[in-house]
1. Please arrange Asp179, Asp292 by counting, for each residue, the other beta carbons lying within 10 Å of its beta carbon, fewest first.
2. Quick check: the distance between the Cα centres of segment 407-459 and segment 15-47, to the nearest angstrom?
3. So which trypsin sites (Lys or Arg not before Pro) in segment 412-459 end up in coil per DSSP with only 15 or fewer other C-beta atoms within 10 Å?
4. Tell me which trypsin sites (Lys or Arg not before Pro) from segment 197-246 have a DSSP coil assignment and no more than 10 other beta carbons within 10 Å of their own.
5. Can you tally the net charge around Pro376? Count Lys and Arg as +1, Asp and Glu as -1, for every other residue whose Cβ sits under 12 Å from the Cβ of Pro376.
6. Considering only the other residues whose Cβ falls under 11 Å of the Cβ of Lys238, what net charge follows from Lys and Arg at +1 and Asp and Glu at -1?
7. Please enumerate, by chain and number, the lysines with C-alpha under 17 Å from the C-alpha of Lys213, excluding those fewer than 8 residues away in the same chain.
8. By the scheme Lys and Arg +1, Asp and Glu -1, what is the net charge of all other residues having a beta-carbon under 12 Å from that of Lys321?
Amino acid sequence: MNFTLTNQLEQRQTLSQQQIYSLHVLAMNNYDLKCFLQEQELQNPLVSVEYDQPERLERYQQDESGALTQVSVEYREEQGQRSYARKSTEPSDYYDIPNQQEESTADFLRSQLNHFTCTPREEQLLNYLVELVDDNGYLRIGVEELAYLTGSDRREMEAAVAAIQQLTPTGVGAYDLADCLRLQAEKLYPDNQVLRNLIAFHLEDVAAHRYQKIASTQNISLNQVKKCTALLRTLNPKPLNGLVAAGSSFVVPDIIYRCDSNSWTISLNDNWAGSVSLHREYQNMGAHHLDDSFRQYYQEKKRQALFLSSCVEKRRQTILKLAHFLLVYQRPFFEGSGSMKALTLKQAAKAVGLHDSTVSRAIRDKYVQTPLGTFPMKAFFVAAVPFHSETGEGAEAMSTAEVKRHIQQLIRQEDKHKPHSDSSLVTELERQGIHISRRTVAKYRAELGIPTAGCRKDV
């Protein structure tokens, strides 16, 4: 590793450290937040974590137009309860069940960083990146976004990612499947250009056994294609799968939605995690102490405590803002009168005035309790496909759930003696204004548990 840091980048480092810290707090679920605050309370004598805070309820009522408008923000005391829970007379819909973990993905990768010689800045970036690697070994965030999050330039971040990709097992730190296989091929078969071409241009063809097409395109023999395909199948598409335990979490809702007639309430279920304030006994100690070094120590700890408090409050406001947006946007689903609408991170970010990377952190490992059950917060972000309305007014967004229902209906109504192939399903969907590939149809059909046309055919 060899980063070159300019003075300008050094000035940006302080800002990026604060940003990373704030995003780190935002990404925590409530259980992780509780553990983190307890740790900070032990490390900083000016940090005071207070429990038994009143529950904050944001109330929304339906106006004449049918829209939900906020009518009040109130606080409700739960007597005799240190941690948040519904009153014992109410049935519980969630469980505080931890999954124990011997070693996390980040711990496994971080143990290898000791072999690198790097500057404090480089070490900071590498430790940040290993936290983002998922349990399969993938780094799902692009260089541009990573550079933005850390206050780095693109070249600096590319070098950091390249360093992560040097870790074992080979393939760790890849952005996607092709990148993962490429890393392994370059290390294991550095002289096999044909194999690298297969990975770069023909993964779909390999999956579909279109060997003759590959041979013609690459101008090689069919035998060469088969040999390289055999090598390709020896590579590991999930380099970390099974090497470390899955990440642990407590399945506890972070957001709770309640509905009474046309009135909705939203509460952030973080009271039991505690709220941060300055320790009352030490608040004025620094002003009266004569020792300069102590005053400097005191001011630094006070600054840290205040910044921690602001991060926790910012986290609260961000999650509540997103929770309100999701309630309004996915209201038919919450009310049981419709399915979820297509929604992307970018759409949500624009609606609430945040960066899409911030929204990504805000929904990470968060759970939402609704009248219909408890869901991961990310479940409300539904992929979309192009849909052209019958009016011809242009392309609209249709959720994958809606597309799957169309596929189900087509298969339900098909001639069982001549069932729809995936290609014919593509054609039928196009007639309805839905434009997706055969591969996508096959994927959705498999996810629905529907067998292929040959298996559905009545003889």
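1. Working: Asp179 15, Asp292 8.
Ordered by Cβ neighbours within 10 Å, fewest first: Asp292, Asp179.
2. Rounded to whole Å, the Cα centres lie 49 Å apart.
3. Lys416, Lys457
4. Answer in residue order: Arg233.
5. On the way: positive: Arg364, Lys366, Lys378; negative: Asp254, Asp365.
Neighbour charge sum, excluding Pro376 itself: +1.
6. -2
7. Straight-line reach from Lys213, under 17 Å: Lys226, Lys227.
8. Values: positive: Lys314, Arg315, Arg316; negative: Glu58.
Around Lys321, the surrounding residues sum to +2.
Only the coordinates and a few stated rules stand behind these numbers; no lab work does. Source: prediction; values computed, not measured. Positions of Cβ are generated from backbone atoms using ideal geometry, with glycine treated the same way; all protein chains shown enter the neighbour counts.
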